[in-house]
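K.L.:
Pasting a structure below so you can have a look.
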Amino acid sequence: MTSLTKNKNIISRGFSVIEVILAAAIFMLFSTASVVVILHGFNTNRLGAEETIANQFAAEGIEAVKSIKNQAYTNLVNSAGTGVIKVAGLEVWAFSGANNTLIHNSTDNYTRVIKVDSVNLDGSGNIVATGGTNDPDTKKITSTVNWNFNSARPESVVLTTYLSDWRKAIAAAGGP
């Protein structure tokens, strides 16, 4: 009888196979979750940095178009998509006719496209997408930057503004 009692004590001191498998499964679950959270954090951080670069590149396009408008409002000609360049020697911006590319590294080059559109106004002077009458003194400027976060995930940033010919004289009501 003593040997039977001794064997029970020996068996109850260790872990059973079920307990070991359960502990390993819980460890794997927490380990996998930790790795996923860390990798997601790295991707989010990288995307934030790349969006910052894209926003700055798009904003530069808007500012370049403002500079072109300040040279002469008539320079703002409607376009389906163009780029801007700094004219050598003159230190002024001009439309280039081709999209701009900011080479960041071998995998995620940024491409900027500037689009100039006419603006239509309704009877109350509000901007409308369709209908209304053309306002020759206002242009819609859209600066779009595209890049590839990875080969399967293209990203883009779009900035839009409206520019007007504020130097043009305003005719007084009932005036000449």
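The values are calculated or read from the model by the stated rules, or taken from the named source; none is laboratory data. As the structure is a prediction and not an experimental result, all values here were calculated from the model. With ideal geometry, Cβ positions are generated from the backbone for all residues, glycine too; neighbour counts draw on all protein chains shown. These accessible areas exclude ligands, DNA and RNA; they are computed on the full protein's heavy atoms, side chains included. Shrake-Rupley method; radii C 1.70, N 1.55, O 1.52, S 1.80 Å.
K.L.:
Nearest 0.05, what FRET efficiency do Asn148 and Ala72 give at R0 = 35 Å with Cβ-Cβ as r?
P.N.:
Calculated transfer efficiency: 0.40.
K.L.:
Quick one: helix 2-13 against the long Cα principal axis of the chain, what's the angle to the nearest 10°, folded into 0 to 90?
P.N.:
10 degrees
K.L.:
Sort 52-64, 26-38, 117-129 by the packing proxy (mean of other Cβ within 10 Å over each peptide's residues), most packed first.
P.N.:
For the peptides 52-64, 26-38, 117-129, the packing ranking is 52-64, 117-129, 26-38.
K.L.:
For the Cα atoms of the chain, what angle does the longest principal axis make with the long axis of helix 17-71, in degrees from 0 to 90, nearest 10?
P.N.:
That works out to roughly 10 degrees.
K.L.:
Oh, and also: Which residues' amide hydrogens lie under 5 Å from the amide hydrogen of Asn109, considering only partners 5 or more residues apart or on another chain, with H built in the peptide plane?
P.N.:
Result for Asn109 returns His104, Asn148.
K.L.:
Could you grab the relative contact order for the chain? Cα pairs under 8 Å, six or more apart, rounded to a whole percent.
P.N.:
Normalised by residue count, the contact order of the chain is 17 percent.
K.L.:
In Å², what does the accessible area per residue of region 50-176 work out to with a 1.4 Å probe?
P.N.:
59 Å²
K.L.:
By average Cβ neighbour count within 10 Å, what is the ranking of 141-150, 95-104, 15-24 from highest down?
P.N.:
My ranking of the peptides, most packed first, is 141-150, 95-104, 15-24.
K.L.:
Could you work out the Rg to Rh ratio of region 40-176, with Rh taken as the Kirkwood radius (inverse of the mean 1/r over all Cα pairs)?
P.N.:
So for region 40-176, dividing Rg by the Kirkwood Rh gives 1.08.
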